[in-house]
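Heads up, the thing below is written out as structure tokens.
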Amino acid sequence: MSGPRVTGAEPGIVGQDLPGATPAEYRAALLWNLRAALNVAALQCQFEPTLLTLGNYNAMLRNHTDELKDDFDDLMKYFRRVNKTAKEGQTAFDQFGTRVYSGFSTVAAQRIFCQTAGRVGRDALYVKRGELGEFAATRMQELRNSLRPWGEQQFRAGGYAYLAAYPPAFPANFADKKCWRRDVWQERRCGPIYYRTAATPSAAAVANR
């Protein structure tokens, strides 16, 4: 999941475009994204308590209160600066916050996101005060990479990609009601459903030979 250091200006890295933002404002946006990611993890990842996402998030808030406040002020100044009125700036800031938090809420990639956020949250405990923004710049790509869909918790990671590459070879009687009982395929009556493997070419591949 690791990735290079980012500045915040990269497409999609802070949740939305920030036209005209200064390097300091991009740094504030990265820190806001870090806070949002670890906050979402604290709420969504408690199914695995050993990740300590809740405790680590609360510890980060206590250890870096001043920097997080400065981050909030810098972002607010940006949105007020690029909007006509203070009210419009506040609305734009609220919308930005909603997009950022929503962007870290995941189902298909929940397992890998929680594992990654657990590591990042643990490492954040050792960041010196005043350096959390730089920490966000070095770890944000990792957090973004972890949001790639890897399947639900009940399926093995990569299962969706496998099915896309090698879809089931449905038998001719697949739609026959006699072959189903309470939504369960009756293999004894109608035979097995074979799944293609790399060694089993699809019908289209055979036709194109």
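For the reader, a short list of remarks on this structure follows.
- Rounded if a/c under 1.5, otherwise prolate or oblate - segment 53-143, Cα gyration tensor axes: oblate
- At a probe radius of 1.4 angstrom, the accessible area of segment 1-99 per residue rounds to 54 square angstrom.
- Our coupling estimate for segment 94-103, obtained by passing each phi through the Karplus curve with A = 6.51, B = -1.76, C = 1.60 and θ = phi - 60°, is 4, 5, 4, x, 5, 5, 5, 5, 5, x Hz, Gly and Pro reported as x.
- Extending 7 Å from the Cα toward the beta-carbon at both residue 129 and residue 43 defines two label points whose distance is 2.9 nm.
- Each residue of segment 131-139 was assigned a 3J(HN,Hα) from its phi angle through the Karplus expression (A = 6.51, B = -1.76, C = 1.60, θ = phi - 60°), giving 10, 5, x, 5, 4, 4, 5, 8, 10 Hz with x at Gly and Pro.
- The Cα atoms of segment 23-104 cover 47, 24, 20 Å along the three principal axes, with the biggest extent listed first.
- Backbone HN-Hα couplings from phi across segment 45-51 [Karplus 6.51/-1.76/1.60, Hz, Gly and Pro as x]: 10, 6, 5, 10, x, 5, 6
- Length gained on full extension, residue 188 to residue 76, computed as 0.36 nm times the residue gap minus the Cα-Cα distance: 33.8 nm.
- Relative packing of 58-65, 71-78, which averages over residues the other C-beta atoms within 10 Å, highest first: 71-78, 58-65
- Ignoring lysines fewer than eight residues from residue 69 along the same chain, the ones with Cα atoms less than 21 angstrom from its Cα are 77, 87, 128.
The values are calculated or read from the model by the stated rules, or taken from the named source; none is laboratory data. Keep in mind that this is a model prediction, so the values were computed, not measured. Heads up, the Cβs are rebuilt from the backbone with ideal geometry, glycines too, and the neighbour counts pull from every protein chain shown. These accessible areas exclude ligands, DNA and RNA; they are computed on the full protein's heavy atoms, side chains included. Shrake-Rupley method; radii C 1.70, N 1.55, O 1.52, S 1.80 Å.
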